[in-house]
Amino acid sequence: MLKWLRHQLATLTASADIDWEVEPHLTDNVRALLKTARNEGDALTSPRVVRHILTFPDRTLAFSFRDLVPLDWTTSVSERDDAGGWQCECDRVWTPTFADLVLDTHRLWTLALSLHPTLWAYTGMYDESGMQMWYVAPPLLEYE
């Protein structure tokens, strides 16, 4: 257990020292999602599921990422339908604001990039009724 905790801490520390250039994609991603909600008449005043889906080239990386996601998120890992890798879905129920959604997205994207230098991500959320889900995705981001 202690070895696992040390590994987690080392991973978080290492990723915190790297300045991933995810802007303007991150902010544009969040802005587009919230704009879609407002255009559909959603006032963004009630809690709803906010979902991030991050894709990894293999199962091991997807599970490693899942193990780093904060405990207040519900996570699941599955193989993509198109066999294009493995994805980790991260869900959290809350009332999203622009600043907090940017912060959450940044946290998850940089955790993913600490494991693999390619980011293929979707961000989505349900409307107030919970019946309709909106998604946005940045372009594929690759780093060396």
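The values are calculated or read from the model by the stated rules, or taken from the named source; none is laboratory data. Everything numeric here is computed off the predicted structure, so don't read it as measured data. Positions of Cβ are backbone-derived with ideal geometry, glycine not excepted, and every protein chain shown enters the neighbour counts.
For Pro138, the criteria (1) over 22 Å from Glu23 (Cβ atoms); (2) assigned to a loop (DSSP other than H, G, I, E, B) hold in every case but one, which is (1).
Residue selection: Glu128 satisfies the criterion of being touching a strand residue (DSSP E or B) at 6+ places or on another chain (Cβ under 7 Å) and either buried (at least 17 other Cβ atoms within 10 Å of the Cβ) or in contact (Cβ under 8 Å) with a residue 60 or more places away in the chain (or both). Quick one: in segment 11-41, of everything that is in a helix (DSSP H, G or I), modelled with pLDDT of 50 or more and among the hydrophobic types (A, V, I, L, M, F, W, C), which residue is nearest to Leu101 (Cα to Cα)? This residue is Val30.
Residue count for segment 85-109 under the criterion of being within 11 Å of Val50 (Cα to Cα), out of contact with any helix residue (DSSP H, G or I) (no Cβ under 8 Å at 6 or more places or on another chain) and part of a helix (DSSP H, G or I): the result is 1. Among the residues of segment 68-84, the ones that are surrounded by 13 or more Cβ atoms within 10 Å (Cβ to Cβ), out of contact with any helix residue (DSSP H, G or I) (no Cβ under 6 Å at 6 or more places or on another chain) and more than 16 Å from Ala121 (Cα to Cα) come to 2 in all. The residues listed here are Ala83, Ala99; of these, the one that is hydrophobic (A, V, I, L, M, F, W, C) and more than 23 Å from Ala32 (Cβ to Cβ) is Ala83.
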